[in-house]
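Notes follow the structure.
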């Protein structure tokens, strides 16, 4: 009888320990984001709202929303591209545009409301599509939002497309189970309009893969965003 009770106690202790231990496949904690003077300035996106105050002509002042085409409708000068610019860059463009109409075009540009933070998850995932980021998440957690990996997914060469710095960058992230157990050292916090693409097989030529698969899979607003500067081979 004592042996039986001892076995039951041992099993209970082991099961409790397993329940408290973190699963190897569980999502990693979002990486901490640090801010400094070297942090890139925020770039405006479609859906952002900006307050433009023209001191030399108050009747031109207004609060406007950047349209889906990335442009801002302004009196006298018409549509001005605002998406992918910092507030300072937009300020300089407006000053130059209004210089033809105003003797002293003094104005300020202040972001007043930000659109939802969205990422696109595509490729070998259960539910490819656009997802709102509930918090600071990495590529692994973005895949979880999209229903997880399909059995056909090649998890070691997941692509992350980003323009957070103002230029298009493509990085490969290892999301294999070994990387998950190691804490996903290469998976960093995603930024708005980042693209996470899970391939079916190993990628030998990233640029060619981007042209043949990823760019054609992007929804309209993301495709436009990554074509804002230069051509589609950025």
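The values are calculated or read from the model by the stated rules, or taken from the named source; none is laboratory data. Because the structure is predicted, anything quoted here is derived from the model rather than measured. As a convention, Cβ positions derive from the backbone with ideal geometry for all residues, glycine included, and neighbour counts pool all protein chains shown.
Which number in (1) closer than 30 Å to residue 85 by Cα; (2) surrounded by fewer than 13 Cβ atoms within 10 Å (Cβ to Cβ); (3) modelled with pLDDT of 90 or more marks the one condition that residue 152 misses?
(1)
Do you know which residues across region 186-225 are at pLDDT 80 or above, crowded, with 19+ Cβ neighbours inside 10 Å and over 15 Å from the mean Cα position of the chain (by Cα)?
198, 199
Quick one: residue 133 ticks every box in (1) touching a residue at least 24 places away in the same chain (Cβ under 8 Å); (2) surrounded by fewer than 18 Cβ atoms within 10 Å (Cβ to Cβ) except a single one, so which number is it?
Only one criterion in (1) touching a residue at least 24 places away in the same chain (Cβ under 8 Å); (2) surrounded by fewer than 18 Cβ atoms within 10 Å (Cβ to Cβ) is unmet by residue 133, namely (2).
Any chance you could count how many residues in region 58-115 are without any contact (Cβ under 8 Å) to a residue 12 or more places away in the chain, closer than 21 Å to residue 164 by Cα and loosely packed, with under 14 Cβ neighbours inside 10 Å?
Counting residues in region 58-115 that are without any contact (Cβ under 8 Å) to a residue 12 or more places away in the chain, closer than 21 Å to residue 164 by Cα and loosely packed, with under 14 Cβ neighbours inside 10 Å gives 1.
Can you confirm whether residue 175 is modelled with pLDDT of 85 or more, outside any loop (DSSP other than H, G, I, E, B) and assigned by TED's automatic domain parsing to the domain that holds residue 143?
Numbers: modelled with pLDDT of 85 or more: yes; outside any loop (DSSP other than H, G, I, E, B): no; assigned by TED's automatic domain parsing to the domain that holds residue 143: yes.
It is false that residue 175 is modelled with pLDDT of 85 or more, outside any loop (DSSP other than H, G, I, E, B) and assigned by TED's automatic domain parsing to the domain that holds residue 143.
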